[in-house]
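Novice: Before anything else, here's the structure in question.
The values are calculated or read from the model by the stated rules, or taken from the named source; none is laboratory data. Only a predicted model underlies this, so the values are computations on that prediction, with no experimental measurement involved. All Cβ positions, even for glycine, are placed from backbone atoms using ideal geometry, and neighbour counts span all protein chains on display.
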């Protein structure tokens, strides 16, 4: 009990260092738990699905004459059915998903926006999604609707949702046939509502081999299935089906290759996700090491003044186990308090944490914080305890620890490397994010909103918009400019040399071009169906020697202008053509655009309220162009904020460590400082002396940290963006200067008082 008493007494007596230890350790544990929870979300991707190791993605690669492109999980619609029919001994089930269905349901007058997909009747069996109520096979009924548990409660409250009716597109009646368990966000196919894949909305011509590769397809294999065997035999069968159609005859695709890839770990095959896992893991480890080393730094820095107290205990009969026990209890108390504070922070800020709450305390995500606590016990308890307990009584009242400051330098070095790394990495993320969000796209999207809706009379809808006093202008197109070409449609063109290539197709008229102020490199806007616009990549693919204006594309029209637009996170090297379209056209891809007056947000709300009045049986909801652009990089923003959190945490931890180190260093060298001042040393001389020791460690650490941030930044940018901003070396130089200023500034601020203190006071205190 006496050992525990002395431990508590030391904690209270050294309240300044105690506060620093607790704050830095609490922050380190809190933010590292968040970081590793985010990592756990990625590593646990698709674990929601039952027996997910048996689920495979049917990936497709397309060869249009220029070699196979990158594989993705979009297949032709009949693929799932064909695989089941030809490989019943290997395949248990397969499902095809339509994920471009309208994303809302109507309940009374309420429009409910949610994640909605269409799927066939084998969806639940294949994906292993738990069904709470209903029969999974009912999904084959054309009017069948399945809801997640939370969605059912959101719509119907405490009422039994089974058999209830909802509307789809305000015209199709759907009947709730089942309820499935809520899906977490870390799944490849996320849904809050599932509509039958047999619904008439999915037209018969979309269910053929000629519909294109737009349908995610998944396969559940039997336990003894041979994946290699399947991958060898799938493509000859698919080729036979395609050869029996006009698919290859069209010339658009020369070869299709389908292969089965395990769903487990599939998300980490994407470079961006893999880079995120690596980066967040590194940040979490840096945080933990900084917190642990910070604790150890302050503990070891206190050796000089605590040696005398230990000597007194030894003279009073304390043995080695008692001395060691005192450090053990002290570390145990401080670590326990820090853990409790970290848990308190998690519970109070769980709404702001970008990770599911249940993952924060998952055992597989807590190994790193647990390891950090062990490290703290080694560095902050075992090491100092061993050092103190081994000090001979005859030496404890001398400057026994004068030569022990070498222990401090590696700890400081690690912290400084981490600080400089985070400074640099945050700078890279902010610069790149600002660039992709604010760069000039080649059109004017300021205050522009749009809606995609099957207006029966687009001209009348445009007239209604123009009559609204807060609408500045109106435009019409078949696509948005937010995605490359605005559409996934693919056509084939045949230049004079006989080569063929694919091109993306968009459709809008000259009024829309003027409305969006689409930038041209050459020529003018198209004005009739016989005229087209193309991009520079199209000109290059055609082999034209001039700018392309006036050239004729067989079966398409005459080129009147060369567009100079860019698309978010897309390569601009793909050929692209814009065809003219009349305002009188109808169809589900019709897009109306409007430019609103200020105040923008208020007028957007007014516009959507007006749409409800003009179209009471429909729900055309306008959304902001610029907001959609920002949403395109939402994952980057989330990642940026996570890194910023880590940066703030490690800065606070480093600051605390520097304050603790400087306090102990000034206390240890107070007599030396006083003697120097008596001998004529100025305040600046004292500050230079104290800064010099830190600079010896800080300068190489900052250089290494900045170089690491440069390397990590390059890897992160290349994994996440097609359009890459070349980061100027001046930014990294600036980061290094800021990091050094931060470190030395902290030392100077904390040393200023003792540098100006009367030397007599310091000498008397000795």
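Novice: Tell me yes or no: at least one residue of the range 279-301 is outside any helix (DSSP H, G or I), more than 27 Å from the chain's Cα centre (by Cα) and at pLDDT below 80.
Specialist: Checking the range 279-301: not a single residue is outside any helix (DSSP H, G or I), more than 27 Å from the chain's Cα centre (by Cα) and at pLDDT below 80.
Conditions (1) over 30 Å from residue 38 (Cβ atoms); (2) in a loop (DSSP other than H, G, I, E, B); (3) modelled with pLDDT of 95 or more, marked per residue:
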{"position": "132", "(1), (2), (3)": "no, no, no"}
{"position": "139", "(1), (2), (3)": "yes, no, no"}
{"position": "162", "(1), (2), (3)": "yes, yes, no"}
{"position": "200", "(1), (2), (3)": "yes, yes, no"}
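Novice: Among the listed residues 337, 341, which satisfies the condition of being surrounded by fewer than 17 Cβ atoms within 10 Å (Cβ to Cβ), in contact with a helix residue (DSSP H, G or I) (Cβ under 6 Å, 6 or more places away or on another chain) and either modelled with pLDDT of 65 or more or assigned by TED's automatic domain parsing to the domain that holds residue 283 (or both)?
Specialist: Being surrounded by fewer than 17 Cβ atoms within 10 Å (Cβ to Cβ), in contact with a helix residue (DSSP H, G or I) (Cβ under 6 Å, 6 or more places away or on another chain) and either modelled with pLDDT of 65 or more or assigned by TED's automatic domain parsing to the domain that holds residue 283 (or both) holds for just one of 337, 341, which is 337.
Novice: Hey, can you tell me all the residues within the range 519-547 that are in contact with a strand residue (DSSP E or B) (Cβ under 8 Å, 6 or more places away or on another chain) and closer than 13 Å to residue 576 by Cα?
Specialist: Of everything in the range 519-547, those that are in contact with a strand residue (DSSP E or B) (Cβ under 8 Å, 6 or more places away or on another chain) and closer than 13 Å to residue 576 by Cα turn out to be 532, 533, 534, 535, 536, 537, 538, 539, 541, 542.
Novice: Something else: If a residue counts only when it is more than 30 Å from residue 660 (Cα to Cα) and modelled with pLDDT under 80, which strands (runs of 3 or more DSSP E) contained entirely in the range 403-518 have at least 1 such residues?
Specialist: Output list reads 448-452, 490-493, 501-507.
Novice: Let me ask another. Starting from residues that are surrounded by 19 or more Cβ atoms within 10 Å (Cβ to Cβ) and modelled with pLDDT of 85 or more, keep the ones in the range 91-108 and report whichever is farthest from residue 199 (Cα to Cα).
Specialist: Applying the filter and picking the extreme gives 91.
Novice: Any residue at all in the range 547-568 that is part of a loop (DSSP other than H, G, I, E, B), over 32 Å from the mean Cα position of the chain (by Cα) and at pLDDT below 70?
Specialist: no
Novice: Among (1) out of contact with any helix residue (DSSP H, G or I) (no Cβ under 9 Å at 6 or more places or on another chain); (2) modelled with pLDDT of 75 or more, which single condition is residue 722 missing?
Specialist: Among (1) out of contact with any helix residue (DSSP H, G or I) (no Cβ under 9 Å at 6 or more places or on another chain); (2) modelled with pLDDT of 75 or more, residue 722 violates only (2).
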